[in-house]
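Notes for the one structure printed next.
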Amino acid sequence: MCGFIVILSNKEIPKDSAYNSLKRLARRGPDSEGTWWGEYVFMGHRRLSILDVDIRSDQPMTSKCGRYKIVYNGEIYNFKELKKSLIKKGIKFYTNSDTEVILNLFISKGKSSLLKLRGMFSFVIYDVLLKRTFIARDAYGIKPLYIGKFDDGLIISSQVKSI
């Protein structure tokens, strides 16, 4: 089980606070830790490597065009079929992870991509160009997703104690 945290703010995010929140997720993902900082955005991820243990599948994962970032927790049961259909459309993959499939499916289909996903998941995709955030979880709420509001923005996490 992986863990993630995303902080969206309208002012500078204190680095020590962001790292302390991410540190609280260490138990959820002992295999790797990744961070990405944008303008008033922090994305952090702790990974438990299961499907693709290569470091290319570490998160936050960036789309090949550089526009999108994703942090994700879960498992997509039909990711191999979705990947095959995206390859037929000319999309090239660099990992064997379901994370990259979710990201490319979202780039291709937008929010309607959720209708194609079979599994348990929660994720956040950030559009660097438009400065927009897409937050989703599976319809049954199997994978946790918590959102905390504070004066200057939001904290989104896969575990409440990081908020």
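The values are calculated or read from the model by the stated rules, or taken from the named source; none is laboratory data. Note that the structure is predicted; figures quoted are calculated from it, not measured. Here the Cβ positions follow ideal geometry from the backbone for every residue, glycine too, while neighbour counts run over all protein chains shown. These area figures cover heavy atoms from the full protein model, side chains too; ligands, DNA and RNA do not enter into them. Shrake-Rupley method; radii C 1.70, N 1.55, O 1.52, S 1.80 Å.
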remark   = Note: probe point = Cα of Cys65 + 7 Å toward Cβ; backbone nitrogen < 15 Å; residues of segment 95-130 passing the test are 103-111, 126-130
request  = Apply 1/(1 + (r/R0)^6) to the Cβ-Cβ distance of Ala139 and Ser85, taking R0 = 22 Å, and write down the FRET efficiency to the nearest 0.05.
outcome  = 0.60
query = Which loop-located trypsin sites (Lys or Arg not before Pro) does segment 119-163 contain, where loop means any DSSP state but H, G, I, E or B and the Cβ has at most 16 other Cβ atoms within 10 Å?
reply = Lys131
ask   = Are any of the pairs Lys64/Lys84; Lys64/Lys149; Lys23/Lys69; Lys23/Lys83; Lys83/Lys116; Lys11/Lys149 more than 23 Å apart by Cα-Cα distance, and if so, which?
value = Lys64/Lys149; Lys23/Lys83
Per-residue ³J(HN,Hα) for segment 140-147, Karplus 6.51 cos²θ - 1.76 cosθ + 1.60, θ = phi - 60°, Hz, x for Gly and Pro = 8, x, 5, 8, x, 8, 10, 10
note = Checking Lys23, Lys89, Lys143 against a Gaussian network model of the chain (alpha-carbon springs below 10 Å), the top fluctuating residue turns out to be Lys89
message = As a test of the formula, what do you get for the chain when each DSSP H run with n ≥ 4 contributes -39,500 (n - 2.57) and the sum is divided by the residue count, at 222 nm and rounded to the nearest 500 deg cm²/dmol?
response = -5500 deg cm²/dmol
message = Can you give me the % of accessible surface on segment 70-163 that is carbon or sulfur? Probe 1.4 Å, all protein chains present, nothing else counted.
response = 54 percent
Correct choice for Rg/Rh (Cα atoms, Kirkwood Rh) that was computed from the model, options (i) 0.94; (ii) 1.06; (iii) 0.98 = (i)
key: Most mobile of Leu114, Leu82, Leu130 in a GNM of the chain (Cα contacts under 10 Å)   = Leu130
query = What ³J(HN,Hα) values, in whole Hz, does the Karplus curve 6.51 cos²θ - 1.76 cosθ + 1.60 give for segment 60-69 when θ = phi - 60°, with x put for Gly and Pro?
reply = x, 9, 10, 5, 4, 7, x, 7, 10, 10
request  = Would you mind classifying segment 97-159 by shape? Square roots of the alpha carbon gyration tensor eigenvalues, ordered a ≥ b ≥ c; an a/c under 1.5 is rounded, otherwise it is prolate if a/b is larger than b/c and oblate if not.
outcome  = oblate
query = Cβ under 14 Å from Leu117's Cβ, Leu117 left aside: what net charge do those residues give with Lys, Arg +1 and Asp, Glu -1?
reply = +3
request  = For the chain, with a Gaussian network of springs between Cα atoms less than 10 Å apart, report the residue from Phe42, Phe123, Phe150 with the top mean-square fluctuation.
outcome  = Phe150
ask   = Where the centroid of each part is defined by its Cα atoms, how far is segment 134-163 from segment 1-24 in Å?
value = 12 Å
